1. Looking at 40, 17, which is the one that is among the polar types (S, T, N, Q) and under 17 Å from residue 183 (Cα atoms)?
2. Any idea how many residues of region 140-166 are in a helix (DSSP H, G or I) and either over 30 Å from residue 52 (Cβ atoms) or more than 17 Å from the chain's Cα centre (by Cα) (or both)?
3. Can you name the condition, by its number, that residue 114 falls short on among (1) in a helix (DSSP H, G or I); (2) under 15 Å from the mean Cα position of the chain (by Cα); (3) of a type in the set (A, V, I, L, M, F, W, C); (4) modelled with pLDDT under 90?
4. Go through (1) at pLDDT below 90; (2) aliphatic (A, V, I, L, M); (3) under 17 Å from the mean Cα position of the chain (by Cα) for residue 48 and report which single condition fails.
5. Restricting the first residue to region 160-184 and requiring it to be polar (S, T, N, Q), which pairs with a second residue that is surrounded by fewer than 19 Cβ atoms within 10 Å (Cβ to Cβ) and part of a helix (DSSP H, G or I) meet a Cβ separation below 8 Å and a spacing of at least six or different chains?
6. Kindly list the number of the only condition in (1) among the small types (Gly, Ala, Ser); (2) crowded, with 17+ Cβ neighbours inside 10 Å; (3) not in a helix (DSSP H, G or I) that fails for residue 18.
7. How many of the residues making up region 63-80 are of a type in the set (A, V, I, L, M, F, W, C), in contact (Cβ under 8 Å) with a residue 12 or more places away in the chain and assigned to a helix (DSSP H, G or I)?
8. Of all residues in region 134-165 being of a type in the set (D, E, K, R) and in contact with a helix residue (DSSP H, G or I) (Cβ under 6 Å, 6 or more places away or on another chain), which is nearest to residue 20 (Cα to Cα)?
Amino acid sequence: MYNEKELFRRIGESDESAFAVIFHRYKSSLFDYGIKITKSHTAAEELVQECFVKLWLARQNLPAIDNPAGYLHMMARNAGVDYLRRLSLDAGLQKKVWAGISESDNPTLQKVQVSETQRLIDEAVAQLPPQQREVFLLSRYEGLNYEQIGEQLGIAGNTVKNHLVKALKFVREYLGKKYGNPIVLVLVTFPGLLFIN
């Protein structure tokens with residue numbers, strides 16, 4: 001068992017196994033903290049994703065951190081404050097969140113959220129062939145099923161499914177190649193947009 005400071009030093013050297021240890025050690029406590037702030041299961045997952053994605057992308061700074069646990073919780077607090085700041089732009093949405101309504105029932109709230117994780121996914125989606133990208137966007141952002149997408153694009157439902165499977169595989173592989181397996185680990189744990197459902 002390594003202490004957190006040693007793990008941060010190793011992560012700073014791009015040690016993926018050290019990142020995995022930190023991720024598994026802290027994901028639950030950061031998620032619990034996210035629930036307290038956002039009152040939303042989905043928003044808390046987004047908060048945890050954002051913290052760990054940022055941690056990996058800025059890993060060269062980690063060896064200088066003296067208190068890794070404090071650093072992670074500060075990241076979560078900052079992500080929570082950013083979330084609430086975005087939310088405060090719409091008082092009605094804020095009331096709904098504080099009342100405990102799930103954002104999965106609130107597509108407007110989903111659109112309010114902007115995160116590093118979403119930016120990376122958008123970057124990968126932009127690399128897809130046009131029809132795969134269209135299928136991905138209609139499925140993941142418009143919430144259409146295979147048949148609805150097929151009708152809209154004039155293709156069979158099975159063709160839609162094949163396009164979506166290929167698109168999701170490409171996005172996961174793109175993120176893994178460009179940003180490393182730790183980013184994929186975070187997205188697999190909190191899958192959101194990147195898995196068939």
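1. Answer to the selection: 17.
2. Of the residues in region 140-166, 18 are in a helix (DSSP H, G or I) and either over 30 Å from residue 52 (Cβ atoms) or more than 17 Å from the chain's Cα centre (by Cα) (or both).
3. For residue 114, the exception is condition (1).
4. It fails just one condition, (1).
5. Close Cβ pairs (under 8 Å, with a partner that is surrounded by fewer than 19 Cβ atoms within 10 Å (Cβ to Cβ) and part of a helix (DSSP H, G or I)) amount to 181/16.
6. (3)
7. Matching residues across region 63-80 total 5.
8. My answer is 161.
The values are calculated or read from the model by the stated rules, or taken from the named source; none is laboratory data. Nothing here was measured: the structure is a model prediction, and the numbers come from that model. In this analysis, Cβ positions are derived from the backbone assuming ideal geometry, glycine residues included, and neighbour counts consider all displayed protein chains.
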